[in-house]
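> One structure, as structure tokens, below. Some questions next.
The values are calculated or read from the model by the stated rules, or taken from the named source; none is laboratory data. Bear in mind that the values here come from a model prediction, so they are computed numbers and not experimental data. Every residue, glycine as well, gets a Cβ built from its backbone with ideal geometry; the counts of neighbours run over all protein chains shown. Only protein heavy atoms, including side chains, enter the accessible area calculation; ligands, DNA and RNA are left aside. Shrake-Rupley method; radii C 1.70, N 1.55, O 1.52, S 1.80 Å.
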Amino acid sequence: SIVGHANLLLGDRVEPVLEALQAASPNRFRGIRHSVTWDPHPELENTAAHNMQGQLANETFRAGARVLARMGLTLEGWMFFPQLPELADFAKAVPDLTIILNHIGGLVREGPYANRDDEVLAIWRSGIAAVAECPNVVIKLGGMGMPRNGFGWHTRDTPIGSEELAEAMAPFKQYCIEKFGPNRCMFESNFPVDKVSFSYNVMYNAFKRLSKGYSADERAAMFHDTAARVYRVDV
């Protein structure tokens, strides 16, 4: 399946853009990714192509999202963890739109959020719980190799192994699984970005280790079935 990009800030005018994307790939195009990352701290890089505060609450953006929903397409959501309550409000406002929350909700533990785990993780957990109450949102369990997560794995002389990686990832991913349920979770590689911290094989072995306490059906959902359903890979 293919996920592309269209600017939802076009509102209703985004429809011909989406139609062109569908025409370019009628059998594989499934939706778009529209980054909405924004943070008031200047030292934290905002990676959104359309850099503005409060995109998810913008009525023109929401009009574009309703077009996306009407066409049966999905939205990949990439934001920073303080924005999760905004995503919950957005998901409730566009309940027919399937939203894929990327990278365990955009956890940041560097720069202005470094050395503040008690506060940061409480905000992250609260945001994850709020978004999980929205049945039209599923979550990707990945992206933790990005340096902004604050683990420092990318600085090690000897790369981390799968056992240690599983132990470090487990509290975060298992919290997401607890809130969303396995049928709304999918393991995610985020490669090539995450390869700065660990290899592909080490990462997937870590996923297997941290999920070994779940049932066969639950593991099948997280490793395959959720993604197959959301991205309609059997169509």
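> Of LEU121, LEU87, LEU107, LEU97, which residue is in contact with a Ser or Thr (Cβ under 9 Å, 6 or more places away or on another chain) and modelled with pLDDT of 95 or more?
Criteria check complete, one pass: LEU97.
> Looking at (1) closer than 26 Å to PHE29 by Cβ; (2) part of a helix (DSSP H, G or I); (3) open to solvent by 30 Å² or more (accessible area, probe 1.4 Å), find the lone condition where ARG232 falls short.
The one condition ARG232 does not meet is (2).
> Next question, about the same structure. Do any residues in the range 112-136 that are on the phi < 0 side of the Ramachandran plot and surrounded by fewer than 19 Cβ atoms within 10 Å (Cβ to Cβ) have Cβ atoms under 8 Å from those of residues that are at pLDDT below 95 and part of a loop (DSSP other than H, G, I, E, B), where the two are at least six apart or on different chains, and which pairs are they?
Qualifying pairs under 8 Å: PRO112/ASP39; PRO112/HIS41; PRO112/GLU43; PRO112/LEU44.
> Could you please find all residues in the range 199-230 being hydroxyl-bearing (Ser, Thr, Tyr), within 24 Å of GLY145 (Cα to Cα) and out of contact with any Asp or Glu (no Cβ under 9 Å at 6 or more places or on another chain)?
The answer is SER199, TYR204, TYR214, THR226.
> Quick check on the range 154-199: of everything there that is among the aromatic types (Phe, Trp, Tyr) and in contact with a Leu (Cβ under 8 Å, 6 or more places away or on another chain), which residue is farthest from ARG229 (Cα to Cα)? Give the derivation first.
Looking only at the range 154-199, we keep the residues that are among the aromatic types (Phe, Trp, Tyr), and these are 172, 175, 180, 187, 191, 198.
Those still in the list that are in contact with a Leu (Cβ under 8 Å, 6 or more places away or on another chain) too: 172, 187, 198.
Values: PHE172: 24, PHE187: 14, PHE198: 28 Å.
By that ranking, first place goes to PHE198.
> Next up: Restricting attention to the range 209-219, and to residues there that are out of contact with any helix residue (DSSP H, G or I) (no Cβ under 6 Å at 6 or more places or on another chain) and surrounded by 14 or more Cβ atoms within 10 Å (Cβ to Cβ), which single residue is nearest to SER1 (Cα to Cα)? Before you say what the answer is, go through the steps one by one.
Going through the range 209-219, the residues out of contact with any helix residue (DSSP H, G or I) (no Cβ under 6 Å at 6 or more places or on another chain) turn out to be 212-217, 219.
Add one more test, that the residue is surrounded by 14 or more Cβ atoms within 10 Å (Cβ to Cβ), and what stays is 214, 219.
Values: TYR214: 27, ARG219: 21 Å.
Per the stated criteria, the residue is ARG219.
> For TRP78, work out the one condition from (1) surrounded by 14 or more Cβ atoms within 10 Å (Cβ to Cβ); (2) modelled with pLDDT of 95 or more; (3) closer than 26 Å to ASP225 by Cβ it doesn't fulfil.
The failed condition is (2).
> Are any residues in the range 31-73 within 21 Å of LEU18 (Cβ to Cβ), open to solvent by 10 Å² or more (accessible area, probe 1.4 Å) and not in a loop (DSSP other than H, G, I, E, B), and if so, which ones?
ARG33, GLU59, THR60, ARG62, ALA63, ARG66, ALA69, ARG70
> Same structure again: Restricting attention to the range 1-21, which residues are exposed (fewer than 14 other Cβ atoms within 10 Å of the Cβ) and among the β-branched types (Val, Ile, Thr)?
ILE2 - this is the single residue of the range 1-21 that is exposed (fewer than 14 other Cβ atoms within 10 Å of the Cβ) and among the β-branched types (Val, Ile, Thr).
> Output the residues belonging to the range 147-165 that are within 19 Å of the chain's Cα centre (by Cα) and open to solvent by less than 20 Å² (accessible area, probe 1.4 Å). Walk me through how you get there before you give the answer.
In the first step, residues of the range 147-165 are kept if they are within 19 Å of the chain's Cα centre (by Cα); the result is 147-151.
Hit for the range 147-165 is ASN149, nothing else.
> Just to be sure I understand, how many residues within the range 185-208 are open to solvent by less than 80 Å² (accessible area, probe 1.4 Å), free of Cβ contacts under 8 Å to residues at least 60 places away in the same chain and assigned to a loop (DSSP other than H, G, I, E, B)?
5
> Looking at this structure, is ALA88 open to solvent by less than 10 Å² (accessible area, probe 1.4 Å), small (Gly, Ala, Ser) and under 17 Å from CYS134 (Cα atoms)?
Details: open to solvent by less than 10 Å² (accessible area, probe 1.4 Å): yes; small (Gly, Ala, Ser): yes; under 17 Å from CYS134 (Cα atoms): yes.
The answer is yes for ALA88.
> Here's something else I'd like to know. Among the candidates VAL131, VAL196, single out the residue that is in contact with a helix residue (DSSP H, G or I) (Cβ under 9 Å, 6 or more places away or on another chain) and farther than 27 Å from THR74 by Cα. Write out each step before concluding.
On the way: VAL131 fails: farther than 27 Å from THR74 by Cα.
Step by step, each of VAL131, VAL196 is checked, and only VAL196 is in contact with a helix residue (DSSP H, G or I) (Cβ under 9 Å, 6 or more places away or on another chain) and farther than 27 Å from THR74 by Cα.
> Can you find, within the range 209-229, the residue that is farthest from ILE99 (Cα to Cα) among those that are not charged (D, E, K, R) and not in a helix (DSSP H, G or I)?
Initially, the range 209-229 is screened for residues not charged (D, E, K, R), giving 210-211, 213-216, 220-224, 226-228.
Filter once more, so that each one left must be not in a helix (DSSP H, G or I): 211, 213-215.
Values: SER211: 24, GLY213: 27, TYR214: 25, SER215: 26 Å.
Ranking the qualifying residues of the range 209-229, first place goes to GLY213.
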